[in-house]
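Structure, as structure tokens:
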Amino acid sequence: MAPSAHLRPARPDEAAQLSALALRSKAHWGYDEAFMAACVAELTLHPSEVVRRRTTVAESTGDGAGRILGLVTLEGAPPVGELGLMFVDPDAIGLGVGRLLFEHLREAARAAGFRAVGWSADPNAVPFYEAMGGRHVGVTPSGSIPGRALPLMELRL
């Protein structure tokens, strides 16, 4: 059952809250403390980056109205963009928030003139991205863990 949520641009003053959400979401997959510590820098969103990275949040409108349930960033310049961050609060995983954010990403990318969007994916998220139309097109080095390779995904628009 999808929660009642709407999308809106993130505000710079929410950067710390969004970074904490990204880390909670990543930790949901059972990564150990050392792994999570290595991810902090890559998953930290700074106030000065929120607008530039086209950050959008899904915010609850029903019970708990105003709670941020997830975030997505659309980065780069046409013709090829990047899905930089996409995370859903663990309590909202499986409730349609990810789909809402990804569909927004797709439409925002089209409207901005992108022909494709690429991203490195957590291996646990690949089935979701494939269900949303993303294709696994290769591998890319992790930005946090030396020697770790991540699935490289692409969405043609």
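For segment 1-56, a tally of residues being small (Gly, Ala, Ser), outside any helix (DSSP H, G or I), surrounded by fewer than 16 Cβ atoms within 10 Å (Cβ to Cβ) and touching a residue at least 12 places away in the same chain (Cβ under 8 Å) returns 2. Of Val137, Val126, all but one fail to be more than 26 Å from Ala37 (Cβ to Cβ), of a type in the set (Val, Ile, Thr) and without any contact (Cβ under 8 Å) to a residue 60 or more places away in the chain; the exception is Val137. Right, Gly133: at positive phi, in a loop (DSSP other than H, G, I, E, B) and in contact with a Lys or Arg (Cβ under 8 Å, 6 or more places away or on another chain) or not? Yes; evaluated as a whole, the condition is true for this residue. Do you know which of the residues in segment 83-97 that are modelled with pLDDT under 95 and of a type outside the set (Gly, Ala, Ser) is farthest from Gly62 (Cα to Cα)? Selected residue: Ile93. Only one of the listed residues (Ser60, Ser142) is within 24 Å of Glu14 (Cα to Cα), hydroxyl-bearing (Ser, Thr, Tyr) and touching a Ser or Thr at 6+ places or on another chain (Cβ under 8 Å). That residue is Ser60.
For segment 33-65, filtering for residues that are over 21 Å from Leu23 (Cβ atoms) and at pLDDT below 95 leaves 4. The condition of being at pLDDT 95 or above, buried (at least 19 other Cβ atoms within 10 Å of the Cβ) and touching a Ser or Thr at 6+ places or on another chain (Cβ under 7 Å) holds for only one of Leu71, Leu105, Leu100, that being Leu71. Out of Gly118, Gly147, Gly133, one residue alone is under 15 Å from the mean Cα position of the chain (by Cα) and either surrounded by fewer than 17 Cβ atoms within 10 Å (Cβ to Cβ) or not polar (S, T, N, Q) (or both). It is Gly118.
The values are calculated or read from the model by the stated rules, or taken from the named source; none is laboratory data. Because the structure is a prediction, the values reported are computed rather than measured. A quick note on method: Cβ atoms are made from the backbone with ideal geometry, for glycine too, and the neighbour counts reach across all protein chains shown.
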